[in-house]
Each structure stands twice: as structure tokens, then as C-alpha cells.
Amino acid sequence: MLQSSQKLLAATAGLGSLALLVGAFGFQFIGGLQPCQLCLWQRWPHAAAVVILLAVLVTGWRGLLWLGALAALATAAIGVFHVGVEQQWWQGLATCSVNTLSGVGVADLLDPTKDVAQPVRCDAIAWEMWGVSMAGWNVILSTVFALMWLSAARRTA
């Protein structure tokens, strides 16, 4: 069984991922800030971390703590790539760093009743706080969450 300190660390990290997800959806649906492809990819490991937290709390299996760390590290890694694209340190994905209408059919473009939104660019910083973009904050916070998961996993009974 897990110690209470392990559960607390896992809960803090997992709930942190949940908070970042809620924040991302808030920016999208309340603030109107549409996510790019890399932003969407960063959400999936956070969702996995929340599911892993629930499984940890139900089963108490210590091995899941390592999976939580992996999920946090995965979203941090995607975030590092995204920050590099934003800062033009390297080239981004062809599907999100250029003005492409990938996935939109000709019929949609020619139909005046359809509203075809412009694609969201991964190489443009849409929002930042204290000079750090949302992708950058994801890297920072997800790294902290990964360290929490790892600390929980390494603790012994």
C-alpha cells in the first residue's frame, strides 16, 4: 500500500494536470483562444495523468506512480518542442506552422453557408505571462509534476 505522503504527492501532481487542462479549456471556450495542434497534443498526457491518479487512489499500486511521471514528462517534452517552434529555434510541423487548411474540403471552402476558421499557427505565441508562453508554462509546471510523481514512486515503505 502507498504511504500517505506518496498519495499526497501523486494527488498534487494529478490535480495539477487537471488544473492545467481546466485552464486550457477555459482559455479555449471562455477566452476564445483556439489551440494549435501542438497545444492539443500537450493535453493528452495531462488527461492520462488524471486517469492514472484515479487508478493510483483506487488500487494503491505503486507502479502507476512511474506512469504518472511518464505522462508528465511526455507533455513537458511536447511543450519543449512547442516552445522551440514558437521561438524559431527549429521548424515546426508542416501542418501547423504554415497557413494551411489541411482537412478542409473544397466543398466546404466554396459553400458560403459554412464558416471555415483560419488554422491556428504553432509558431505564433497567442498568450504569455511574464514573458513565458502557455507552452513554456506547461513545460515548467509539468516538470514539477513529473518530479512529484518520481518522488512519490521512489519513496519506500
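The values are calculated or read from the model by the stated rules, or taken from the named source; none is laboratory data. Values in this document were obtained by computation on a predicted structure and should not be read as measured data. Don't worry about glycine lacking a Cβ; one is built from the backbone with ideal geometry, like all the others, and counts go over all protein chains shown.
Listed here are the residues, each with its yes/no results for (1) over 19 Å from A126 (Cα atoms); (2) part of a helix (DSSP H, G or I); (3) touching a residue at least 24 places away in the same chain (Cβ under 8 Å).
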residue	(1), (2), (3)
L2	yes, no, yes
A11	yes, yes, yes
V22	no, yes, no
G26	no, yes, no
L40	no, yes, no
A47	yes, yes, yes
V51	yes, yes, no
L57	yes, yes, yes
Original post:
Has segment 78-94 got any residue that is modelled with pLDDT of 85 or more and touching a Pro at 6+ places or on another chain (Cβ under 8 Å)?
Top reply: yes
Original post:
Looking at segment 132-157, which of the residues that are over 12 Å from the mean Cα position of the chain (by Cα) and of a type in the set (S, T, Y) is nearest to R62 (Cα to Cα)?
Top reply: T156
**OP:** Scan segment 7-37 for residues that are within 30 Å of T156 (Cβ to Cβ), within 14 Å of the chain's Cα centre (by Cα) and among the small types (G, A, S) and jot them down.
**Re:** A13, G14, G16, S17, A19
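Looking at segment 28-38, which of its residues are surrounded by 17 or more Cβ atoms within 10 Å (Cβ to Cβ), of a type in the set (A, V, I, L, M, F, W, C) and not in a helix (DSSP H, G or I)?
Passing the criteria: only C36.
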Original post:
What do you reckon, is A77 touching a residue at least 24 places away in the same chain (Cβ under 8 Å), at negative phi and of a type in the set (A, V, I, L, M, F, W, C)?
Top reply: no
